[in-house]
Each structure stands twice: as structure tokens, then as C-alpha cells.
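The values are calculated or read from the model by the stated rules, or taken from the named source; none is laboratory data. Since the model is a prediction, treat every value here as computed from it, not as a measurement. Counting neighbours? That spans all protein chains shown, and the Cβs are built from the backbone with ideal geometry, glycine included.
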Amino acid sequence: MVVAAAAAHTQFVSTLILGIETSCDETAAAVVADGADVRSNVVHSQIALHARWRGVVPEVASRSHTERILPIVEQALADAGVFPADLTAVAVTHRPGMVGCLLVGMAAAKALAWRHGLPLLGVDHVQAHVHTGLLADPTMSLPALSLVASGGHTALYLLTEPGTSVRLGTTRDDAAGEALDKGASLLGLPYPGGPSIEQAAAAGRRDAVDLPRTLLGADSLDFSFSGLKSALLYTLKPQQSTAPAEKPEGRRLADLAASYQEAVVDVLIAKLRRAAERHPVQSLCIGGGVARNLRLRERLAQDPVLRALRLVLPPLALCSDNGAMIAGLAHIRWRKGERDPLELDAIATPQAGGKVQMR
Ligand code: KG4
Ligand code: ZN
């Protein structure tokens, strides 16, 4: 029965790629057919494991990946109804990320590739977020602006063709998700901060508290969020005050959350507008955990400049870390004839700015 289902599934596809992602605190695997058809997408989040530290503890994360990776890969294959031998290639995040975490996914991918004689493809995690728009909508016209906003990275790219992007700006300090995580911590809201601030903000007034929007001058496409976080801190505990920091509740908490979220969204929208006015783009796509934010999505759709572009807002499950985006970008590399050796290394750091290789 399972064999018949597998054969039926694979009959009309030309590639079937398994994507594995373990760079941070999600153990994820997915099967994608022909670079766009997500056949399975299994994600195990370690949020509960790290919640009490309000951030990801690398050793705890890699140990959990080790425990989970094989069942997650098996689940992804089973959900898609395929056997390893049906796969065209195995793709895995090999940069950037916590090396101990990356190595777990890479060991699993290499073992699978070696055992079944499958090609291996290493994928850059940030570039996978950059290309998520193409996974969600392969007809998205290029060049496109691509905003990556996550817990570890916030940057703006010009996606010129599948596999090639130019970084237009990046954060000079905190990532947008990091700013939300730190802001939530100051407000006494649970980790991760993005969703908890979004939830608390629902009942709040966005203009209740005056918080700064750092735009770094009239021309910059870079981001800065550390001043916003400090402003929230000093709102709760004025610098000269010897009183303990305010612990907001109820209406006040909602107002602070809504005002803080609006300040983050305002900056993202302002930079996207600047970039759209400067570059002749056809489309705009978003990726990374912060791209799940409904207020950001609403503002993109309302903005008079940005809504003139083709907006590609991927399903929420493709925005936060997942294996499908890894398989999606690997498909682009595959089509260009690229393959990696089993000696492929894990690299902690992101690629430098300017024109970025696809990986
Ligand atoms: O892309 P991701 O899953 O992992 C990284 O590569 O960092 O992003 C995680 C980040 C966290 O900072 C989290 O607070 C934020 O995405 N996030 C959100 C939402 N869901 C997750 N931020 C705003 N609104 C959300 N709904
Ligand atoms: Zn990510």
C-alpha cells in the first residue's frame, strides 16, 4: 500500500528533495517536489526547552537535535509517502548557525546521502529565507525585494534571479526578532517575544507610548533596533529613578506591546519603501520568523508604495525555520548542476554583504 502510494507520488515529478534544517532551535525536515510542491514539512520547536533562559542555549539545542533528527526525517519521508531511494538529493543547512547544531543535521544528511548514493547540497540558511517567496510563488516576477527578519538576522536583499541576491542593507546591532524577544523580556512576556508581543498588542493602542524609530539618516537601508530596546527599558525604569522597574499589566501592558511592535514594523516598512523607491523591482517577498507577524503583513498590504508591487507573503509555516525552504533553494542549485562533496563543512558565520552566492 505504502509502496503504491510512493510510486504514484513520484511518477510525474522530476526532482524530489529532502531538506534538513538544524541551525538553531528547530529540528526540521521536509520533502519538496520540483522546487515548489511542499509534500511534507515537519518542524519540532525547542521553544519549551529554552524558555526559562529566554534564549537558545547552544549545547542544549544540539543535544535535542541529536535526539530528534532521525524521527523527524522519517516523519517527513512518511508524510510525503516517499522512500529515501526515491529522492533526487538531500539538502541541509550548512551555514550560518551554531556549529554544534549545524553538525547534527549535516551528519544525518551525509549519512543518508552516502547510504543511498544520493547527491548532497549544502544550503545557506539566510539565503533560504531570502528565496522563500519563490518557494511560495514560483511565478513571482524578478527582480524582487526580499526582507529577511528573524531572531538572528534582519537584512534587505535584491533578488535578481533565482540563486542570486544583492544585500542592500543589514542590521547594525539587534535583529528585528531579537528586539522583539528582548522587548518581551523587559515587559515580562514569555519567550519567544515576537508572538507574545503580537498577542499582547492586540488589545493595545499603537500610539500610546512614544518610542523611537531609528532610520540611520535619509539614505541608509541598514537597520538598528538597539535604541528602541533601550527606550523601552527607560520607559519602564527612568534613568534617574531609584524605584524598581515598572511591571506593566493589563491595559498598560497592551499599550506598551502595541507601541513597541508598531515601532519595529514602522522601521521595516520605512526601509522597504526606501528600497522600493530606489530599485526598479516588480515584487516584494518576506521571510524569517518576524514575517509571521500579522501587523507587518497588514501594513505591507496597506502601504501606498509597497502594495503597488506584487506582494508575496508566504504561509506562516514557511517563514519561521523549516526544511522546505532548504529543499526549495537546493532545487535552484540542483538545476544549475551544483553538488557538494561529503566533506562539506559547517560554517558559523553568514556570508559577507554585496552580491551573495546562492547556496
Ligand atoms: O526565522 P526564525 O524562526 O529563527 C531564526 O532564524 O532566528 O525567527 C525567530 C524569530 C524570533 O525572534 C521570534 O520572536 C520571531 O521570529 N517571531 C515573530 C513572530 N513569530 C516568531 N515576530 C513577530 N511576530 C510573530 N508572529
Ligand atoms: Zn531563520
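For the criterion of being more than 24 Å from P190 (Cβ to Cβ), in a helix (DSSP H, G or I) and either in contact with a Ser or Thr (Cβ under 7 Å, 6 or more places away or on another chain) or not aliphatic (A, V, I, L, M) (or both), E298 fails. Among the residues making up region 109-152, those that are of a type in the set (S, T, Y) and surrounded by fewer than 19 Cβ atoms within 10 Å (Cβ to Cβ) are T139, S141. Output the residue which, of all residues in region 93-108 that are assigned to a strand (DSSP E or B) and of a type outside the set (S, T, N, Q), is surrounded by the most Cβ atoms within 10 Å (Cβ to Cβ). This residue is H94. Find all pairs meeting these conditions: Cβ atoms under 8 angstrom apart; at least six residues apart or on different chains; first residue within region 116-133 and free of Cβ contacts under 8 Å to residues at least 60 places away in the same chain; second residue among the aliphatic types (A, V, I, L, M) and assigned to a strand (DSSP E or B). From region 116-133, the pairs are L118/A89; L118/V90.
Quick check: is even one residue across region 319-329 in contact with a Leu (Cβ under 7 Å, 6 or more places away or on another chain) and not hydrophobic (A, V, I, L, M, F, W, C)? Yes, the conditions are met somewhere in region 319-329. Of everything in region 140-173 that is more than 15 Å from ligand 2 (Cβ to nearest atom) and hydroxyl-bearing (S, T, Y), the residue that is nearest to L313 (Cα to Cα) is S141.
Please work out which residue is nearest to ligand 2 (Cβ to nearest atom), limiting yourself to region 174-198 and to residues that are assigned to a loop (DSSP other than H, G, I, E, B) and under 19 Å from E262 (Cβ atoms). For region 174-198, the residue satisfying everything is A175.
Of the residues G55, G117, G100, the single one that is over 25 Å from D137 (Cα atoms) and modelled with pLDDT under 95 is G55. The residue list A175, A155, A179 contains one member that is buried (at least 24 other Cβ atoms within 10 Å of the Cβ), touching a residue at least 12 places away in the same chain (Cβ under 8 Å), among the hydrophobic types (A, V, I, L, M, F, W, C) and out of contact with any Phe, Trp or Tyr (no Cβ under 7 Å at 6 or more places or on another chain), which is A155. The numbered conditions (1) out of contact with any helix residue (DSSP H, G or I) (no Cβ under 7 Å at 6 or more places or on another chain); (2) more than 10 Å from ligand 1 (Cβ to nearest atom) are all true for L236 except (1). Check whether at least one residue in region 282-290 is touching a helix residue (DSSP H, G or I) at 6+ places or on another chain (Cβ under 6 Å) and either basic (K, R) or assigned to a helix (DSSP H, G or I) (or both), and report yes or no. There is at least one residue in region 282-290 that is touching a helix residue (DSSP H, G or I) at 6+ places or on another chain (Cβ under 6 Å) and either basic (K, R) or assigned to a helix (DSSP H, G or I) (or both).
Restricting attention to region 214-257, the residues that are among the charged types (D, E, K, R) and either touching a strand residue (DSSP E or B) at 6+ places or on another chain (Cβ under 8 Å) or not in a loop (DSSP other than H, G, I, E, B) (or both) total 5. Might you check whether a residue that is among the β-branched types (V, I, T), buried (at least 16 other Cβ atoms within 10 Å of the Cβ) and over 20 Å from D181 (Cα atoms) occurs anywhere in region 238-253? For region 238-253, residues among the β-branched types (V, I, T), buried (at least 16 other Cβ atoms within 10 Å of the Cβ) and over 20 Å from D181 (Cα atoms): absent. The residues of region 301-320 that are crowded, with 17+ Cβ neighbours inside 10 Å and not in a strand (DSSP E or B), listed by number, are D303, L306, L309, L313, P314, L318, C319, S320. Considering (1) closer than 24 Å to L232 by Cα; (2) in a strand (DSSP E or B); (3) of a type in the set (V, I, T), the lone condition that V264 does not fulfil carries the number (2). Looking only at residues of region 239-278 that are of a type in the set (V, I, T) and either touching a helix residue (DSSP H, G or I) at 6+ places or on another chain (Cβ under 9 Å) or touching a residue at least 60 places away in the same chain (Cβ under 8 Å) (or both), we find that the one that is nearest to ligand 2 (Cβ to nearest atom) is V264.
Quick check, is L189 surrounded by 21 or more Cβ atoms within 10 Å (Cβ to Cβ), over 30 Å from I326 (Cα atoms) and within 11 Å of ligand 1 (Cβ to nearest atom)? It is true that L189 is surrounded by 21 or more Cβ atoms within 10 Å (Cβ to Cβ), over 30 Å from I326 (Cα atoms) and within 11 Å of ligand 1 (Cβ to nearest atom).
Restricting attention to region 275-294, does a residue exist that is within 12 Å of ligand 1 (Cβ to nearest atom) and surrounded by fewer than 19 Cβ atoms within 10 Å (Cβ to Cβ)? Yes, there is a match, as at least one residue in region 275-294 is within 12 Å of ligand 1 (Cβ to nearest atom) and surrounded by fewer than 19 Cβ atoms within 10 Å (Cβ to Cβ). For region 146-173, the set of residues classified as touching an Asp or Glu at 6+ places or on another chain (Cβ under 7 Å), away from ligand 1 (no atom under 16 Å from the Cβ) and either under 20 Å from R297 (Cα atoms) or part of a strand (DSSP E or B) (or both) consists of G169 only.
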